[in-house]
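A short worksheet on the structure shown next.
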Amino acid sequence: MSYCVNCGVKLKPSEDICPLCGTPVVNPNAPKETAVPAYPEKVEKIMHINFKNLSKLIVDFLLIIAAVSILCDLIMSHSLSWSRYVFFALIYLCCQVTFIINKNVYLSLAIDLLATEFLLFSFSLLSGYTRWFTSLAMPLAAAFWVYVTVCTMLFRRKGRNNMRAASICLFLISLFLIFLDILIHCYQSGAVAISWALYASLPIAIVSVIFFISSFSHRLLDEIKQRIFL
Amino acid sequence: MAEDKQKTPTWIKLDNAATIYPATMSRKYAAMFRMTATLTEDVDRDILQEALDNILGRFPSFRYSLKKGLFWCYLRRIEGTPKVQEDVRNPMVRINFNDNSHFMFRVRYFGRRIAVEFFHALTDGTGGLIFLMTLTGEYIRLKYGREISYNEVVFDPKSQACEEEYRDAFQKYARKVGGLDNEPLAYQPRGTAESSHILNIITGIVPVDILKAKSRENGCTLTQFIVAMLIMTIQELQEADKSRRARKRPVKICVPMNLRKMYPSRTMRNFSTYLIIGIETKYGHYSMDEILNEVKHDMPLRASEKVINSRITGNVNLERSFLIKLIPMFIKKYIISSIESLKGAKYFSTTFTNVGLVNLPPEMAPYIDELGFLLGRQRANVNSCGCISCNGKVFFTFTRKIKEPEIERLFFRNLVEAGIPVEIESNNN
C-alpha cells in the first residue's frame, strides 16, 4: 500500500502509477508483490460499419441497374437509345459513393464536381447540342460547387461562430445570384448585363452584413440562443 | 427457480423518464449505469448464475425487452434468464440486445467483484441497487449458507412483487399544471477524447465518519459538501482555462434525486428527477464558504415538493400532448436525438449522483468489502461521479471519456487538503 508523493492519496496495490497525476509509485522497501488487478485485461469492442463493403455493395447495385436497363433497351429497340442516359446518370451516382468511403470531404467534393461536369457534358454530347453546356451549365455547376465548398469550409472550422459563418454564406448567395444573372444574359444576348439580380441580391447582402456585424456581440448571441432553442 | 407467480402484463409502456433513452440510443452510445459489489472472496460463476435465476422472478419489471412501436417504444415481456458474463476493462459498452437474450441489464463478474449494468430505460439507481443487493444476498445465502434478514434494500426472492413495482409512478403523481424552466448553458470542461468504446474509471474511497464530521463542521449534509467541492474543483479548472470558450459560463452540477423519498411509491422503474445547483463565476471567484452558502440554501429550495412536481407534470404533459403523440417514432427519434446532441446535457458541467448509505443486513456485511455506483458515458459531459456508501466507507467513482484526469485529481487533492484521507483505484487504461 503506497501513497502518491504528488497528490497525497493512498493507492491500492493494483496501481503502479498514480491514476490522477501519472507519478510512478516507488516503494523501495516493499518486496515485489504481485498485486491482483482491479479490472480484467479484456477490452470489449463495439461493432463497426465496414464502409468499404457498403460502398462496394452500392456500386454493385447501381451496376446491376445499368446492366438491366442496357439489356432492356437492346431488346426493345435493338440499339442503345435511352439507356445511354441512364448509364451516365448511374456513373454519376457511383461517384457520389466516394462521400461514404473518403474521409477527406474536399477530395470527395472535387470528385463530385468532375462527376457533375462529366454528366452534363455527356448529356450535351448525346443530345447533340453543346452550346448550353459550355456557356450555361458548366460555369453554373462550377459556381455552385465553389459556393458549396466555401460553405463546407466555413462550417467545418472548429470554434466557429455560427452567426458569422451563416452571414458569409448569405452574402455569397447574393454574389451567386448576380453571377447567375450575368451568365443568363451572356447566353441569351452575348452582352454582360444585370437586371433582376440587383433586386434580389441587394436585400440579401444587407441582411448578411447586419448578421455579420451582430455576430461580434456575444451578449446578443446568448440572448438569441436563449430564446430560440428547442 | 422462482416462478412468476403473478400475471405481469405482456407489454407495458415506458415510464416518462425512460421515453427519452431509446430515442438517444445509437450504435456507440446508450444511457447506462453500473452497480458493483466487491466481496471478500473470488466470485463463483455457477453460484452467481443460480442466484440470478432465483431472484429474477422477484423482479417482474426486469423481465422486459425494448421494442419499437409506431409512435413510442414499449416493453414486451420475455422469459428465460440472461447468462452471467465475464467483466471487461471498459464496462458499459452499449448492450447488444440480441447477444444478451434481449434483456436490458447484464450481470458480470471478475475476481471478487459482481457487477450489474443497466440500460436506463429499465430502472434508476435505487431500483438497480435493490436488484444488486438482492442478487448479492442470494449469492451469499447459497455460498455460505447464511440466512439473510431481508430489508428495504435486500428483497426476499420468494416474496411476491406488488403491481406498483412495474407501474409508471410519474403518471400517478403528476398533477394538472406543470412548467419546464429555461436553464442557461453551463461551462463544459474539455480534454483529449478517448476512443468511443473506452471509459476511464477512478474510484476514491473515503472514511465516512471523517467526511461526515467535516460536513457537520460546515453545517451541511454530505451531499451538499461534496457538491460544493465539485463546484470548487470545476471553478478552478475554468479559471485555468484560457480559451475564449470558457467565457465565464456558470458552473453547475446536476444532482439526481430519488422521488421515492418524496412520494410513497414502491416502483422499481425510473422514479427520479434532478436538481441543477451552481454558481455564476462571471461575477468573480467564489471561495469555499461562498459556494457552501449557495449550495446549502439553493438545494432545499429546488428540492421543494411544488418545484419538483411542476417539472414532473411538465414532462408528463409533454408526453400526453396530442401533437407529440401523433408524430411517428422514426421522426421523433431523429428530432429528440438531434436536440440531445445539440443541446443535451450542456445545461450542467457534470453529474453527481448519490444513492446514499446502503443498509446492509448484518449477515451480509462481513462478506462485502466494497460497493460501487458508476454512470456510463455521457453525451455532453466529459465526466460524471457516482457515490455510494457502506461499512463505514464512502465510494466515489468518476467515469470520464477523456484522457486527462484533471477533475478527479483536483477533487481528490481538495479532499486531502481538507484533511480527508483518500484511497484510489482505477482501471489503468
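Only the coordinates and a few stated rules stand behind these numbers; no lab work does. Please read all numbers here as calculations on a predicted model, not as lab measurements. Note: ideal-geometry Cβ built from the backbone for every residue, glycine included; neighbour counts use all protein chains shown.
General remarks:
- Pairwise label distance in nanometres, B:ARG45 with B:ASP156, each label 7 Å out on the Cα-Cβ vector: 3.4 nm
- Here is the list for segment B:1-92: chymotrypsin sites (Phe, Trp or Tyr not before Pro) lying in DSSP coil, each with at most 15 other C-beta atoms within 10 angstrom of its C-beta, are B:PHE71.
- Near-label residues of segment A:125-151 by backbone N, under 15 Å of a point 7 Å along Cα→Cβ of A:TYR187: A:125, A:129-145
- Per-residue mean of C-beta atoms belonging to partner chains within 10 Å, peptide A:14-24: 5
- When cysteine pairs in chain A are screened for C-beta atoms closer than 4.7 angstrom, the residues that find no partner are A:CYS21, A:CYS72, A:CYS94, A:CYS95, A:CYS151, A:CYS169, A:CYS186.
- At 0.890 mPa s and 25 °C, Stokes D of chain B from Kirkwood alpha-carbon radius, µm² per second: 110 µm²/s
- Two tests apply to each whole DSSP H helix in chain A, Cα reach of 24 Å or more along its axis and mean Kyte-Doolittle hydropathy of at least 0.5, and the ones passing both are A:51-77, A:105-127, A:138-156, A:162-189, A:197-214.
- For segment B:195-209, 3J(HN,Hα) computed residue by residue from phi via the Karplus equation (6.51, -1.76, 1.60; θ = phi - 60°) reads 4, 5, 9, 9, 10, 9, 10, 10, 10, x, 10, 10, x, 6, 5 Hz, glycine and proline entered as x.
- Taking every DSSP beta bridge that has both ends in the protein assembly as shown, the antiparallel portion is near 85%.
- Dipole check for segment B:293-402: with +1 at the C-beta of Lys and Arg, -1 at the C-beta of Asp and Glu, and the Cα centre as origin, the magnitude is about 700 Debye.
- Expressed in Å, the radius of gyration and Dmax of the Cα atoms of segment A:149-226 are 15.8, 52.
- If only the Cβ of Lys and Arg carry +1 and only the Cβ of Asp and Glu carry -1, the dipole of segment A:4-146 around its Cα centre is close to 60 debye.
- Packing-based ranking of B:168-178, B:18-28, A:68-78, B:133-143 yields B:133-143, B:18-28, B:168-178, A:68-78, ordered from highest to lowest mean Cβ neighbour count within 10 Å.
- What the Cβ-Cβ distance of A:ILE101 and B:SER321 gives, at R0 = 35 Å and to the nearest 0.05, is a FRET efficiency of 0.25.
- Think of segment B:232-311 as a dipole: +1 on every Lys or Arg Cβ, -1 on every Asp or Glu Cβ, centred on the Cα centre; then among B:LEU292, B:MET232, B:VAL255, B:VAL255 lies furthest on the positive end.
- Placing pseudo-labels 7 Å out from each Cα toward the beta carbon at A:LEU126 and B:PHE71 gives an inter-label distance of 4.7 nm.
- In this structure, the residue pairs whose Cα-Cα separation is over 22 Å, taken from B:LYS67/B:LYS333; A:LYS10/A:LYS45; A:LYS52/A:LYS158, are A:LYS10/A:LYS45; A:LYS52/A:LYS158.
- Per-selection metrics, segment A:1-157 (Cα): Rg and Dmax in Å: 30.3, 93
- Applying the Kirkwood pairwise sum to the alpha-carbon positions of the protein assembly as shown produces a hydrodynamic radius of 28.9 angstrom.
- Dipole axis of chain B (+1 Lys, Arg; -1 Asp, Glu on Cβ), positive-most option in B:HIS102, B:CYS387, B:ASN54: B:HIS102
- Charges were assigned to the Cβ only: +1 to each Lys and Arg, -1 to each Asp and Glu. The resulting dipole of chain B about its Cα centre is roughly 1940 debye.
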